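The values are calculated or read from the model by the stated rules, or taken from the named source; none is laboratory data. Because the structure is predicted, anything quoted here is derived from the model rather than measured. FYI the Cβ positions are ideal-geometry reconstructions off the backbone, even for glycines, and counts take in every protein chain you see.
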Amino acid sequence: MIDTLEDSLGVDGIGKIALLLWLACGVLGIIGGLIYIPQKRKQERITELENSWPDVLADLAEELRAGMGVESALDAIANSREDRMGMMLRGAVSDMRDSGFGNAMKTFAEKSESSMISRIVSILNVALASSGSIATTLEKISDEFWEIYMLKKERILKTQSNANFILWFGSVACPVMLGAIVAIFGGDISAGSTTLSFDMSGLNSALFFYMVVMGASSVWMESVILQKTKTAIWRTPIFVFYSLTALILSLQISLGG
């Protein structure tokens, strides 16, 4: 198999060892993708819950000020929502009948897997246990939570395009450009009756291993900007494979012409 790949895709300086590394990155990329996709979906669920949490707190404060009990207010809010938050709140209301508000909300926070929601639930439990004004506490928390959410959203909007450019330019566009330049200008050059030949094996080999660094660096730079470093390790082999594939194909296609 390696011999076949070397015959069809190999170029000077990119031999069996390099192609084995390329295949290894592809296998690791598949494994990384299988691990990363569930983590990505989990983070999307958490983000969805955190985005709807300020509205829940504001509605709960309004219902409490209107004279409703905590359980009745949460039940009304849960039944008015058709999203994931509504489903989880209905489960929490059901648990309250058996375990009480504090334990049910603690279970709700654990199921949400959101550290921010867990902290707010802890504050609510303390406020309720100390007989404080839970409605006032909810209003203040809701306002502060909403400000944090808007600041986070604004930061992501400002940095998303730059982060995506770094990721895709570094892992795909740059390898294609460098590979094409080397393939076009690195071959034999005819000057009249004289043909100048260049040994490109050293440059091609250096480019190959440079693309390993380039692909990995692009992922980590994007992850730092968007604060997604928890999943960066699983995405690294995917984009290293993209980077190496882009380089090999650009060199091969150009040389084949």
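May I ask you to verify whether residue 131 is assigned to a helix (DSSP H, G or I) and modelled with pLDDT under 85?
no
Given the conditions (1) at pLDDT 85 or above; (2) under 29 Å from residue 231 (Cβ atoms); (3) among the acidic types (Asp, Glu), which single one is not true for residue 55?
Of everything listed in (1) at pLDDT 85 or above; (2) under 29 Å from residue 231 (Cβ atoms); (3) among the acidic types (Asp, Glu), residue 55 misses just condition (1).
Of 67, 86, 102, which residue is among the small types (Gly, Ala, Ser) and out of contact with any helix residue (DSSP H, G or I) (no Cβ under 6 Å at 6 or more places or on another chain)?
67
Among 92, 73, 61, which is under 17 Å from residue 144 (Cα atoms), assigned to a helix (DSSP H, G or I) and of a type in the set (A, V, I, L, M)? If you could, list the steps in order and put the result at the bottom.
Values: 92 fails: under 17 Å from residue 144 (Cα atoms); 73 fails: under 17 Å from residue 144 (Cα atoms).
Just one listed residue meets the conditions, 61.
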